[in-house]
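Notes follow once the structure below has been shown.
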Amino acid sequence: YITTMEAKIVGATPPYYLYLKYSHDGGLTWSPLISIGDSTNFPSQVRSMGQIALGGDSTIYIGYFSYNPSHYPLPRHMLAVSTDGGLTFMYKEISVLLPSSIVADTLLKIGSPLIVIPANGKITATRIDGTFGDPDAVAQVSGDGGDTWSTPFRLNDDPQGNGVYQ
């Protein structure tokens, strides 16, 4: 399984679209592009590649950054979940990103990289976040398949607000 952005991204205007492709024969052949999200409700954001994780039951989890200011004034981290090999997806909101949580650092990838880790009946989503005063590694955990999430908590243990990028 891989995610990719549309090929016409150079010169394109937002929203940009995220796609999934898969191969079941070691990469000899690939599926057609499968759209993740849609332009209104769950679009991806510029250069926000989806992070894929597979659960022990073959569930596909894709975490990505979503932003459509005409429908939602604040960006969000989303989780796309498929239990049928990518044919259909359910979309779950991990978090709404308040202005204080968005890290304005040109060294970071746009969209705050999001990594989703399913294990032991829980899903953990990690990212870089500015909520605690500087760019910290934070996580949120869901124990119900992504329907609800914990509040963000820091993974690094340096003093808060010390200006150190994690």
Discussion item. Which residue is most open to solvent (accessible area, probe 1.4 Å), if the candidates are limited to the stretch 129-164 and must be touching a Phe, Trp or Tyr at 6+ places or on another chain (Cβ under 8 Å) and within 27 Å of Ser82 (Cα to Cα)?
Written reply: Val141
Worksheet entry | Residue list for the stretch 91-106, restricted to those being farther than 17 Å from Met78 by Cα and modelled with pLDDT of 70 or more | none
Item to complete: Any residue in the stretch 115-131 that's under 19 Å from Ser66 (Cα atoms) and assigned to a loop (DSSP other than H, G, I, E, B): show its pairings with residues that are open to solvent by less than 10 Å² (accessible area, probe 1.4 Å) and of a type in the set (A, V, I, L, M, F, W, C) at Cβ separation under 9 Å, as long as the two are six or more apart or on different chains.
Response: Thr131/Val138
Discussion item. Given the options Tyr19, Tyr61, Tyr1, name the one that is hydroxyl-bearing (Ser, Thr, Tyr) and either touching a Ser or Thr at 6+ places or on another chain (Cβ under 7 Å) or modelled with pLDDT under 85 (or both).
Written reply: Tyr19
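The values are calculated or read from the model by the stated rules, or taken from the named source; none is laboratory data. A quick note: this is a predicted structure, and the numbers were derived from the prediction, not measured. Using ideal geometry, Cβ is built from the backbone for each residue, glycine included, and neighbour counts are taken over all protein chains shown. Areas reflect the complete protein model, heavy atoms only, side chains present, ligands, DNA and RNA absent. Shrake-Rupley method; radii C 1.70, N 1.55, O 1.52, S 1.80 Å.
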